[in-house]
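Here the structure comes first, spelled out in structure tokens, and everything after it is commentary.
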Amino acid sequence: MSEPLIQLKGICKSFGGNVVLDHVDFTLDRGEAVAIIGPSGTGKSTILRIIAGLLAPDAGEIYVQGQLREGLAEDAQDPIGIGMVFQQAALFDSLTVDENVGFFLYQHSRLSQRRIRELVDRKLEMVGLPGIGNRYPAELSGGMRKRVSFARAVMANPDNPRDVPEVLLYDEPTAGLDPIASTVIEDLIRQLQHNQEGCGTYVIVTHQDSTIRRTADRIIFLYQGKVQWEGTVNDIDATDDPIIRQFFSGSVQGPIQVANLNA
């Protein structure tokens, strides 16, 4: 078998006295679409930030295409590009869409402004937003801002192939969107997976049932710092696992502890 693109071994992370990840193992193979799910506060976004190299674990090892990562992403270049789409889109309000999507190239490449604008226009067209480069984030709907953040995540310098992201990390990409806007984003995630200029491998953190079922092939359920269940989308309705049954039914009765709102 080929080597995993990403492999986490025994990853631990605590914040103060709160153990968020407790010896978590995880692998991501090329071409996979993996959803990390679970109740709020169980370390899902923390795993994404560790994979992206934005956060260091307290213990454990991270391998990127077989190479042990030392430190954070800024300390040494990974052998493959890893892009991240943040929950709130994280666009610069004072910059235009063109400047947001092309930010990395404007700051860190020798490409001409004309060439960068051409690349930006291509990415915007790819996410279904042609001709909006001169707008500002405040002029866009929530769903449009999400799509702009997708375009930025897959932007790369054509003169440096190592910049091209092979893995995308989506942190709650449909949070706060209405059902129709969520469907647009879910379809786009799958389209980008099969687009030559997109990214064929991704990890997605989400709570939404439709997003889990429409964007994931493999599912990992995190709870109390550990991987409690792993399976496919088809396994969701077939499994008798009480954690999965409780999570997808929304029941307050079951092994997942519910905070006492009256306390």
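Over the chain, one equal point on each Cα, no solvent: what is log10 I(q)/I(0) by the Debye formula at q = 0.08, 0.10, 0.13, 0.15 Å⁻¹?
-0.33, -0.52, -0.88, -1.14
Roughly how far apart, in whole Å, are the Cα centres of region 174-241 and region 144-158?
19 Å
Count the lysine pairs in the chain whose Cα atoms sit under 15 Å apart, keeping only pairs 8 or more residues apart in sequence or on different chains.
Values: LYS9/LYS226; LYS13/LYS44; LYS13/LYS226; LYS44/LYS226; LYS123/LYS146.
Going through the chain pair by pair, I get 5.
Which of the peptides 236-243, 147-154 is most tightly packed, and how do the rest follow, judged by the mean count of other Cβ atoms within 10 Å per residue? Working shown, then result.
Values: 236-243: 13.5, 147-154: 24.8.
The peptides rank, most packed first, as 147-154, 236-243.
What length, rounded to one decimal in nm, is gained on full extension from VAL233 through to THR27, with 0.36 nm per residue of separation minus their alpha-carbon distance? Numbers along the way, then the final one.
Details: separation 206, 0.36 × 206 = 74.16 nm, distance 1.75 nm.
Full extension from VAL233 to THR27 adds 72.4 nm.
Of the beta bridges DSSP finds with both residues in the chain, what % are antiparallel, to the nearest 5?
Numbers: 20 of 38 bridges.
In the chain, DSSP labels about 55 percent of beta bridges as antiparallel.
Going by how many other Cβ atoms sit within 10 Å of their own, how do GLU32, GLU74, GLU118 line up, fewest first?
Values: GLU32 19, GLU74 8, GLU118 12.
Neighbour counts put them in this order, fewest first: GLU74, GLU118, GLU32.
Step through the residues of region 83-99 one at a time and calculate ³J(HN,Hα) from phi using the Karplus curve (6.51 cos²θ - 1.76 cosθ + 1.60, θ = phi - 60°), rounding each to whole Hz and writing x for Gly and Pro.
x, 9, 10, 7, 4, 9, 6, 6, 8, 7, 4, 7, 10, 5, 4, 4, 5
In which sequence would TYR136, TYR170 go, from the one with the fewest C-beta neighbours within 10 Å to the one with the most?
Details: TYR136 16, TYR170 28.
Lowest count first: TYR136, TYR170.
What net charge is computed for the residues neighbouring VAL184, neighbours being all others with C-beta under 14 Å from the C-beta of VAL184, Lys and Arg scored +1, Asp and Glu -1? It would help to have the intermediate numbers written out before the result.
On the way: positive: ARG145, LYS146, ARG147, ARG190, ARG214; negative: ASP178, GLU186, ASP187.
Taking every other residue near VAL184 into account, the sum is +2.
Dipole of region 1-138, Cα-centred, from +1 at each Lys and Arg C-beta and -1 at each Asp and Glu C-beta, to the nearest 20 debye? It would help to have the intermediate numbers written out before the result.
On the way: 13 positive and 17 negative charges, 89 e Å.
My answer is approximately 420 debye.
With springs only between Cα atoms under 10 Å apart, run a GNM on the chain and tell me which of SER45, SER249, SER109 wobbles the most.
Highest fluctuation of the listed residues: SER249.
Once the Cβ-Cβ distance between ILE180 and ALA59 is put in as r, and R0 is 41 Å, what FRET efficiency do you end up with, to the nearest 0.05? Working shown, then result.
Details: r = 43 Å, r/R0 = 1.06.
The pair ILE180/ALA59 has a calculated efficiency of 0.40.
What ranking do VAL203, VAL101, VAL34 get, fewest neighbouring Cβ atoms within 10 angstrom at the top? All intermediate terms of the calculation are to be shown ahead of the outcome.
Working: VAL203 27, VAL101 31, VAL34 21.
In increasing order of surrounding Cβ atoms, one gets VAL34, VAL203, VAL101.
To the nearest 20 debye, what is the magnitude of the charge dipole of the chain about its Cα centre, counting +1 on the Cβ of each Lys and Arg and -1 on the Cβ of each Asp and Glu?
Details: 24 positive and 34 negative charges, 106 e Å.
That gives the chain a dipole magnitude of about 500 debye.
Read-outs: derived from the displayed coordinates by stated rules, not from any lab. Note that the structure is predicted; figures quoted are calculated from it, not measured. Glycine also receives a Cβ, built like all others from the backbone with ideal geometry; neighbour counts cover every protein chain displayed.
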